[in-house]
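Enquirer: Quick one: the structure is below, questions incoming.
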Amino acid sequence: MKYFDYAATTPLDSEAAEIFVKASTEFFGNSSSLHDIGGQSAALLEHCREEMAQLLSVDKQGLFFTSGGSEGNFLAIEALLSAPKKPGKHIIAGMAEHSSVHGILKRLKKDGYSITYLPFNSSGVIDPENLLNAIKHDTILVAIQHVNSEIGTIQPIEQLAKICTGNNIHFHTDMVQSFGKIDVRNITSLVSSFSFSGHKIYGPKGIGGAYVNPKIGWSPFFPGTSHEKGFRPGTVNVPAIAAMTTAAQKITGRIQENARRFVELRHAFLYALQPISERVHVYQAEGDSQLPNIIGMRISGIEGQWMMLECNRLGFAISTGSACQIGMQTPAKVTQALRLTIDESKEFIRISFGYPTTMNEVEALGAGILKIANEFAVSSVI
């Protein structure tokens, strides 16, 4: 089967896998133990923290390892809320945030917080003016993801962060889809916190991280926690951290090379759909505001679930959106943010490329979707 769901997860890099096994067998000690074996594990952990902090261009004192992006979002947001810059209980978030952020906000609303959700414009981008207009005197937190996982649009984080700074508001950004795909170092110093994940960059599943500016005097969400300076409980997964660090070093070293290839693959795929272009709707931004390896689209009249199953039958793995949303009856948040109708939302599919993706595979997928669409059109007439 040809894989086109890299935005959901990636295969483990072979070198990262070797590092995982080596760390698991040779640095197996608990990094909190005081004996020499624990000390060796602790030394490896801190080396990885330094390397990751360097890749992200942040102070290592604010970098904490978590079980992934979802936990990173949760703990970072809770950390910011424990130390607001001013009194208040109003939060602003993107309408198309990851389900982990929506889950946190849903709980916070029950605790008395009020939430304002910002939609996308027609290009899948949040207008900074909309953020400015949504701010109230008691707004204490803004949470907007860097890259949308379903259509790949890149939000103007630099502008949004400056608005938050000017209004004395904490700003959290989910960088799970951006880290390793684009250079994030120009924005990491502008935000209060951010999250990232290992399995999106060819590292292991079950590992990720969060950064909280060390100048923020946050309080632990789980009292009495000793691991990661109280940021989260549980024995630190040093082997997975070492493997993720290896994967991160590799992918950040080929960002420009990958981006060039993904632009070529994107153009080839969309070109293959030219014969049905009047039925194809691609949700994307222009130029540098679009991650080229994620294509969020729909074909008029064909439900996304049906298209996904037909692609699977032909040997292509695509998706109908974020894997964290699959199985839910409500439309994907991105379709709501784009103001699509219910019927249009049901037609949504996502294709995403990874560095192993070849031009032949992309052309074959384009031909396959074209075949499915034409067969569907004929059967509808009959």
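Enquirer: Does A259 meet the test of being farther than 22 Å from F27 by Cα and not in a loop (DSSP other than H, G, I, E, B)?
Expert: yes
Enquirer: Is there any pair with a first residue in the stretch 352-365 that is over 20 Å from K250 (Cα atoms) and a second that is charged (D, E, K, R) whose Cβ atoms are under 8 Å apart and which are 6 or more apart or on different chains, and what are they?
Expert: If the second residue must be charged (D, E, K, R), the pairs left are M359/E264; E361/K2; A364/K2; L365/K2.
Enquirer: Within the stretch 31-54, which residues are open to solvent by less than 50 Å² (accessible area, probe 1.4 Å) and either at pLDDT below 95 or touching a strand residue (DSSP E or B) at 6+ places or on another chain (Cβ under 9 Å) (or both)?
Expert: Within the stretch 31-54, S31, S33, G38, G39, S41, A42, L45, C48, R49, M52, A53 meet the criteria.
Enquirer: Filter the stretch 321-359 down to residues that are in a loop (DSSP other than H, G, I, E, B), at pLDDT 90 or above and open to solvent by 20 Å² or more (accessible area, probe 1.4 Å), then give me how many there are.
Expert: Total meeting the criteria: 8.
Enquirer: Something else: Filter the stretch 9-22 down to the residues that are crowded, with 20+ Cβ neighbours inside 10 Å and either charged (D, E, K, R) or assigned to a loop (DSSP other than H, G, I, E, B) (or both), then identify the one that is nearest to the chain's Cα centre (by Cα). Spell out how you get there, then give the answer.
Expert: Residues of the stretch 9-22 that are crowded, with 20+ Cβ neighbours inside 10 Å, as a first pass: 10, 13, 16, 19-20.
With either charged (D, E, K, R) or assigned to a loop (DSSP other than H, G, I, E, B) (or both) added as a condition, the list becomes 10, 13.
Values: T10: 13, D13: 19 Å.
The residue in question is T10.
Enquirer: Going residue by residue through the stretch 200-222, is there one that turns out to be on the phi > 0 side of the Ramachandran plot, surrounded by fewer than 24 Cβ atoms within 10 Å (Cβ to Cβ) and either at pLDDT below 95 or basic (K, R) (or both)?
Expert: The answer is no; no qualifying residue exists.
Enquirer: May I pose another question? Could you list, in sequence order, the residues of the stretch 247-274 that are open to solvent by less than 20 Å² (accessible area, probe 1.4 Å) and among the β-branched types (V, I, T)?
Expert: Of everything in the stretch 247-274, just one residue is open to solvent by less than 20 Å² (accessible area, probe 1.4 Å) and among the β-branched types (V, I, T), namely I251.
Enquirer: Do we have G208 as closer than 30 Å to L365 by Cβ and in contact (Cβ under 8 Å) with a residue 60 or more places away in the chain here?
Expert: Considered against the rule, which asks whether it is closer than 30 Å to L365 by Cβ and in contact (Cβ under 8 Å) with a residue 60 or more places away in the chain, G208 comes out as yes.
Condition check ((1) of a type in the set (D, E, K, R); (2) in contact with a strand residue (DSSP E or B) (Cβ under 6 Å, 6 or more places away or on another chain); (3) under 17 Å from S178 (Cα atoms)) across all residues:
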site	(1), (2), (3)
V282	no, yes, no
A285	no, yes, yes
G296	no, yes, yes
G301	no, no, no
M308	no, no, no
C311	no, no, no
A317	no, yes, no
T320	no, yes, no
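Enquirer: Any idea how many residues of the stretch 164-187 are within 15 Å of the chain's Cα centre (by Cα) and in contact (Cβ under 8 Å) with a residue 60 or more places away in the chain?
Expert: Taking the stretch 164-187 and keeping what is within 15 Å of the chain's Cα centre (by Cα), we get 172-184.
After this cut, where a residue has to be in contact (Cβ under 8 Å) with a residue 60 or more places away in the chain as well, the list is 172, 174, 176-184.
Residues meeting the conditions: 11.
Enquirer: Quick one: is A134 among the hydrophobic types (A, V, I, L, M, F, W, C) and within 22 Å of the chain's Cα centre (by Cα)?
Expert: So A134 fails the test.
Enquirer: Can you confirm whether the stretch 147-161 contains a residue that is more than 26 Å from T335 (Cα to Cα) and at pLDDT 95 or above?
Expert: Within the stretch 147-161, none of the residues are more than 26 Å from T335 (Cα to Cα) and at pLDDT 95 or above.
Enquirer: Would a scan of the stretch 170-177 turn up a residue that is open to solvent by 40 Å² or more (accessible area, probe 1.4 Å) and charged (D, E, K, R)?
Expert: No, every residue in the stretch 170-177 fails to be open to solvent by 40 Å² or more (accessible area, probe 1.4 Å) and charged (D, E, K, R).
Enquirer: Which of the residues belonging to the stretch 277-295 are under 15 Å from the mean Cα position of the chain (by Cα) and assigned to a strand (DSSP E or B)?
Expert: Q290, I294, I295
Enquirer: Any residue at all in the stretch 224-233 that's touching a strand residue (DSSP E or B) at 6+ places or on another chain (Cβ under 6 Å) and more than 13 Å from F65 (Cβ to Cβ)?
Expert: No, the stretch 224-233 contains no residue that is touching a strand residue (DSSP E or B) at 6+ places or on another chain (Cβ under 6 Å) and more than 13 Å from F65 (Cβ to Cβ).
Enquirer: Here is a check on your reading of the model: is T25 of a type in the set (S, T, N, Q), more than 26 Å from the chain's Cα centre (by Cα) and at pLDDT 95 or above?
Expert: yes
Enquirer: Output the helices (runs of 4 or more DSSP H) that fall wholly within the stretch 55-142 and possess 3 or more residues being surrounded by 15 or more Cβ atoms within 10 Å (Cβ to Cβ) and touching a residue at least 40 places away in the same chain (Cβ under 8 Å), or say none.
Expert: Values: elements: 69-81, 99-110, 128-134.
It comes to 69-81, 99-110.
Enquirer: Also, quick follow-up: Output yes when any residue across the stretch 296-314 is assigned to a helix (DSSP H, G or I), among the hydroxyl-bearing types (S, T, Y) and surrounded by fewer than 21 Cβ atoms within 10 Å (Cβ to Cβ), and no when none is.
Expert: Within the stretch 296-314, not a single residue is assigned to a helix (DSSP H, G or I), among the hydroxyl-bearing types (S, T, Y) and surrounded by fewer than 21 Cβ atoms within 10 Å (Cβ to Cβ).
Enquirer: Anything in the stretch 75-121 that is aromatic (F, W, Y) and under 13 Å from Q145 (Cα atoms)? List them, or say none.
Expert: Of everything in the stretch 75-121, those that are aromatic (F, W, Y) and under 13 Å from Q145 (Cα atoms) turn out to be Y117, F120.
The values are calculated or read from the model by the stated rules, or taken from the named source; none is laboratory data. Given the structure is predicted, the values throughout are model-derived calculations rather than measurements. As a convention, Cβ positions derive from the backbone with ideal geometry for all residues, glycine included, and neighbour counts pool all protein chains shown. Just the protein is used for accessible areas: all its heavy atoms, side chains included, with ligands, DNA and RNA removed. Shrake-Rupley method; radii C 1.70, N 1.55, O 1.52, S 1.80 Å.
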